[in-house]
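Written below as structure tokens is the structure these notes are about.
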Amino acid sequence: MHITVPSKLSGMRLDAALAALFPDHSRNRLKGWLDEGKILLDGAVMPAKTKVYGGEDIVTDLPEAEIETTAVAEDIPIDVIFEDEQIIIINKPPGLVVHPGAGNRDGTLLNALLHHAPEVANVVRAGIVHRLDKDTSGVMMVAKTAKAQTNLVRQLQSRSASREYLALVHGTLRRPGTVENMLGRHPKERTKMAALVFGGKPAITHFKPREDFGGPALLGRHYTLVECKLETGRTHQIRVHMSGLRHPIVGDATYGKRGDTMFDRQALHAWRLTVKHPSTGKPVQFIAPLPNDMKMMLKTLRAERDNRSVDDDFDDDDFDDSGNEFIYVRD
């Protein structure tokens, strides 16, 4: 394939120009092909930072994207919130691994997606755009086409997509705030992430308290239901940030309080996702209701706090600000 760089891209870095010329491929994928010598600028392999000025000749033979050929489709039920020809929005249950890995070769969300929508086998990572930890529940988006996947990934990279979580944390958190630092692999415990002075990637979490659980009926125990909004999406980001604030997530065996047996997983739920639909460009919002285990825990805490029976009637607040609609388009 021969393409002449148009003058409107003059002054751009080569990698940025490639992203504009090949919108169906992610910038990372294009840079990888550039580094591998599969994309030539005026007949030569050039670094990504090279400036283009218009008129240059790009020669490329882009390889097919690596697709999922080893994973096996499995009939695993998934809770689909919304689906069309471009995307699938699911409510992931706790305990479900997202992608096959060491010790989890099958029984994953990816295996379930290959059964539910066989066409995702032709998309990198079976269309999975972002991940949730095994024991984190909530809303996830999956692309059914390579073009939709690239679009959604770029929204995440540009921070135009909004992801909001609900977490029950230890202690009383009274004021909203923001945690901003660099996160990377823990220097000694390689299965953990940590805030680093040197290295790592920028990580930003905005948080605000939504409900307080404390008082005499809880015998000195205090908890806060917190809303967390991600500006970046690093591995274990919310869990590390809340632990760093000395308000670790209830039930978090990795970053939480020692001996915490109140909940059998981290009490973290991906609650709301807002993106631009890859086909229409219109903002759409998706809500994943709280799973039953978190609902019951909050109901129990409210009963203890208010000195009422757990069987009494309570307003069942799923924090569904969209009027109990799972999807809506904003003007």
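Results, tabulated for the structure shown:
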{"item": "Length gained when the stretch His115-Asp260 is fully extended (0.36 nm per residue, less Cα-Cα span)", "result": "48.4 nm"}
{"item": "Point-charge dipole on Cβ atoms (K/R +1, D/E -1) for the chain, about Cα centre, debye to 20", "result": "1620"}
{"item": "Directionally averaged shadow of the chain, computed from the convex hull of its alpha-carbon atoms, nm²", "result": "20.1"}
{"item": "Least to most buried among Phe213, Phe286 (fewest other Cβ within 10 Å first)", "result": "Phe213, Phe286"}
{"item": "Rounded tilt (10° steps) of 292-305 against the dominant C-alpha axis of the chain", "result": "40"}
{"item": "Cα lying deepest toward the dipole's positive end in segment 193-265, options Val197, Gly256, Gly233, charges on Cβ", "result": "Val197"}
{"item": "Sorted by Cβ density within 10 Å, fewest first, the residues Val197, Val129, Val124, Val139", "result": "Val197, Val124, Val129, Val139"}
{"item": "Residue order, fewest to most beta carbons within 10 Å, for Val5, Val284, Val142", "result": "Val284, Val5, Val142"}
{"item": "Potential lengthening between His2 and Thr172 on full extension [0.36 nm per residue; Cα-Cα distance subtracted]", "result": "55.1 nm"}
{"item": "Choice from Gly127, Gly95, Gly233 showing the highest fluctuation, given a GNM over the chain with Cα pairs closer than 10 Å", "result": "Gly95"}
{"item": "Difference of contour (0.36 nm per residue) and Cα-Cα distance, Glu231 to Glu180", "result": "17.4 nm"}
{"item": "Reciprocal mean inverse distance between Cα atoms of segment 1-115 - Kirkwood radius, Å", "result": "17.0"}
{"item": "The chain, helix-only ellipticity at 222 nm - DSSP H runs n ≥ 4, -39,500 (n - 2.57), divided by all residues, nearest 500", "result": "-5000 deg cm²/dmol"}
{"item": "Unsatisfied cross-links (Cα-Cα over 27 Å) in the set Lys229/Lys282; Lys49/Lys134; Lys134/Lys295", "result": "Lys49/Lys134"}
{"item": "Cα gyration tensor shape of segment 162-303, rounded if a/c is under 1.5, else prolate or oblate by comparing a/b with b/c", "result": "oblate"}
{"item": "Segment 80-157, Rg to Rh (Cα coordinates; Rh as Kirkwood inverse mean 1/r)", "result": "0.94"}
{"item": "P(r) of segment 2-60 over all Cα-Cα pairs, binned every 10 Å from zero, in whole percent", "result": "26, 65, 9"}
{"item": "Space enclosed by the convex hull of the alpha-carbon atoms of segment 85-220, per residue, Å³", "result": "178"}
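Every number in this text was worked out from the coordinates using simple rules, so none of it is lab data. Keep in mind that what you see is a predicted model, and the values were worked out from it rather than measured. We place every Cβ from the backbone using ideal geometry, glycine too, and count neighbours over all the protein chains shown.
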